[in-house]
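Novice: I am attaching a structure below and will ask some questions about it afterwards.
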Amino acid sequence: MICGIIILEKLTVSTQLHNKRRDILANVLEVKELSKQYSKVLAVDNISFEINEGEIFALIGPNGAGKTTTIRMISTLLTPTSGDAIVAGHSILKASDKVRESITYLPDEAGAYKQMTGIKYLRFMAGLFTSDIDKLNAYVERAKTICALGDRLNDKIGSYSRGMIRKLLLARAVMTKPKLAILDEPTSGLDVLNAIEIRKMIKKLAEEEGMSFLLSSHNMLEIEFVSDRIGIISKGHLMVTGRADELKERYQAPNLEQVFERVVNENEVH
Ligand code: ATP
């Protein structure tokens, strides 16, 4: 279990300097005709989209639509059947190590070691990415600032609430300043106030540091608040991408929930 988590945590390595300038909108992610066929199921069917520097992109869709499969392929945890994705200039097929240095992936079921204190956990995780003590301290300081757990970092994680654990995990995930953070259901199971705090953390990192995000969520209010652009996936097809206001206008819908319903129903009919 610990071994699996450590492998996952190693995806967070990054030494890239952040770029605060929002005027240069380089592609951080370019997904090119990506498909995944499981034995009988075509889970992802020829999807393409891109994410710019500093952009928050949400991939939404019903259960079983192919979100996790897409995210796992981009994270290099799953090999595509066809297609490719370029992350910070590196192909997931040809340069998976370089891709892993540029991203962090936080699965929705991610956990932390309950017997460790928060601060020990952050130091332990930072140590997976660097043996340089100054760098390690800088990563930990950054994570402390981001999670804002104060003195509670000296307590065992087992005593934390769900919201505190999620803040700690998110801070850990972004402490090395990855170019692209991939977050599966970042606020699932959190109360409203904790969810708002996490969303603000994400927005701040995108706006102030130019970090890019690929999120999946079932919460339409969250999506509307946090994301710059949205992609709706249904039965493995990426049906549409656009800003929330563009999608609402296009589908003549008062909110994103109704856009979602219409797009998914359209796909059911065809
Ligand atoms: P959810 O919102 O429920 O998490 P999702 O959009 O993330 O769903 P995926 O988990 O990517 O969807 O699944 C897409 C399709 O692929 C589903 O039909 C699922 O049953 C199938 N699938 C996923 N993993 C496997 C696997 N390892 N082997 C076979 N089929 C799989």
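The values are calculated or read from the model by the stated rules, or taken from the named source; none is laboratory data. Note that this is a predicted model, so its numbers are computed, not measured. Here the Cβ positions follow ideal geometry from the backbone for every residue, glycine too, while neighbour counts run over all protein chains shown.
Novice: ALA85 fails exactly one of the following numbered conditions: (1) modelled with pLDDT of 95 or more; (2) more than 16 Å from the ligand (Cβ to nearest atom); (3) crowded, with 19+ Cβ neighbours inside 10 Å; (4) over 15 Å from the mean Cα position of the chain (by Cα). What is the number of that condition?
Specialist: (2)
Novice: From the residues in the range 53-68 that are within 13 Å of the chain's Cα centre (by Cα) and within 12 Å of the ligand (Cβ to nearest atom), which one is surrounded by the fewest Cβ atoms within 10 Å (Cβ to Cβ)?
Specialist: Of everything passing the filter in the range 53-68, THR68 is surrounded by the fewest Cβ atoms within 10 Å (Cβ to Cβ).
Novice: How many residues does the range 24-51 contain that are of a type in the set (Phe, Trp, Tyr) and either under 14 Å from LEU180 (Cα atoms) or touching a Gly at 6+ places or on another chain (Cβ under 9 Å) (or both)?
Specialist: Of the residues in the range 24-51, 1 are of a type in the set (Phe, Trp, Tyr) and either under 14 Å from LEU180 (Cα atoms) or touching a Gly at 6+ places or on another chain (Cβ under 9 Å) (or both).
Novice: I'm told SER131 meets every condition in (1) surrounded by fewer than 16 Cβ atoms within 10 Å (Cβ to Cβ); (2) in contact with a helix residue (DSSP H, G or I) (Cβ under 6 Å, 6 or more places away or on another chain) except one. Can you identify the failing condition by its number?
Specialist: (2)
Novice: Evaluate the following for SER35: is it more than 14 Å from the ligand (Cβ to nearest atom), more than 26 Å from GLU208 (Cβ to Cβ) and modelled with pLDDT of 95 or more?
Specialist: It is false that SER35 is more than 14 Å from the ligand (Cβ to nearest atom), more than 26 Å from GLU208 (Cβ to Cβ) and modelled with pLDDT of 95 or more.
Novice: Cβ-Cβ distance below 6 Å, separation of 6 or more or different chains: which pairs start in the range 68-89 with a residue that is free of Cβ contacts under 8 Å to residues at least 60 places away in the same chain and closer than 17 Å to GLN37 by Cβ and end on one that is within 11 Å of the ligand (Cβ to nearest atom) and assigned to a loop (DSSP other than H, G, I, E, B)?
Specialist: Here the result reads ARG72/LEU78, each pair linking the range 68-89 to a residue that is within 11 Å of the ligand (Cβ to nearest atom) and assigned to a loop (DSSP other than H, G, I, E, B).
Novice: When the residues of the range 114-128 are filtered to those that are under 18 Å from ASP151 (Cα atoms) and within 21 Å of the chain's Cα centre (by Cα), which remaining residue is surrounded by the most Cβ atoms within 10 Å (Cβ to Cβ)?
Specialist: Result: LEU122.
Novice: Quick check: is even one residue across the range 165-186 small (Gly, Ala, Ser), surrounded by fewer than 20 Cβ atoms within 10 Å (Cβ to Cβ) and farther than 14 Å from ASP108 by Cα?
Specialist: no
Novice: Consider ARG142 carefully, then state whether it is assigned to a helix (DSSP H, G or I) and touching a helix residue (DSSP H, G or I) at 6+ places or on another chain (Cβ under 7 Å).
Specialist: Here the answer is no, as ARG142 does not meet what is asked.
Novice: Now for a different question. Would the range 110-118 turn up any residue that is touching a residue at least 60 places away in the same chain (Cβ under 8 Å) and within 16 Å of the ligand (Cβ to nearest atom)?
Specialist: Within the range 110-118, one or more residues are touching a residue at least 60 places away in the same chain (Cβ under 8 Å) and within 16 Å of the ligand (Cβ to nearest atom).
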